[in-house]
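The values are calculated or read from the model by the stated rules, or taken from the named source; none is laboratory data. Quantities reported herein were computed from a predicted structural model and do not represent experimental measurements. No Cβ is skipped: glycine too gets one built from the backbone with ideal geometry, and neighbour counts run over all protein chains shown. Only protein heavy atoms, including side chains, enter the accessible area calculation; ligands, DNA and RNA are left aside. Shrake-Rupley method; radii C 1.70, N 1.55, O 1.52, S 1.80 Å.
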Amino acid sequence: MARRPRVAIVGLGLVGGSLARALSAAGHHVTGIDWPHVVRRALRCRAISAGATRTEKGASADVVVLAAPPATNLRLLRRLAKVARPGLVVTDVSSVKGDIVREAARLRLDGFVGGHPMAGTEQQGFAASRADLFRGASWWIVPGRSARATRAVRGLVLAAGARP
């Protein structure tokens, strides 16, 4: 059996927290990156295996998921690009794709694959997250330059219970 990719999720709100819970339940090593109090809560709930408060810590993972609001994800992408090693897969869960896809290309992040899960609730924050949020939901994937990166993101989407 192939090794599951190590995943870092930047932003543990409803979507990021739910993805962390789903991937952890599927056996992935998940590092959650958020404010210290959110990281502590996610660790206590075993939604994540490790925690950090700086985006750059995600660069040691195989896949980084940007799970903040779109404008914040753009800033996070720029910070991550400064420390990204070749082969790092980066995806997002933003509802809009144009700006982040263009910025990833400008930054030469060949491992960027845009994504957007079609799931959510009217609630927000880690407290509202749940492992089954994506079960059966569609998850749009915007293929990037790397077929390997697109396959990696597709695998995470399937592991979360969603339909790419």
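Observations on the structure shown:
- Order of exposure, largest accessible area first, which applies to Glu122, Glu103, Glu56 with probe 1.4 Å: Glu122, Glu56, Glu103
- Using a probe of 1.4 angstrom and keeping all protein chains present, the accessible surface of the chain works out to 50 square angstrom per residue.
- Coarse-grained scattering of the stretch 103-153 at q = 0.16, 0.17, 0.28 Å⁻¹, given as base-10 log I(q)/I(0) from a Debye sum over alpha-carbon atoms: -0.62, -0.67, -1.00
- Whole-percent pair-distance distribution, where bins are 5 Å wide, for the alpha carbons of the stretch 68-164: 3, 14, 22, 24, 20, 12, 5, 0
- For the set Lys82, Lys97, Lys57, solvent exposure ranked by accessible area (probe 1.4 Å, protein chains only) runs largest to smallest as Lys82, Lys57, Lys97.
- Spin-label model, Ala25 to Ser60: label points 7 Å out along the Cα-to-beta-carbon direction sit 2.8 nm apart.
- The chain: relative contact order as a whole-number percent, Cα under 8 Å and 6+ apart: 24
- With 0.36 nm allotted per residue and the present C-alpha distance subtracted, the Ala127-Leu107 stretch has 3.8 nm of extension available.
- Against the set (i) 97; (ii) 125; (iii) 112, the structure's computed volume of the Cα convex hull per residue in Å³ falls on (i).
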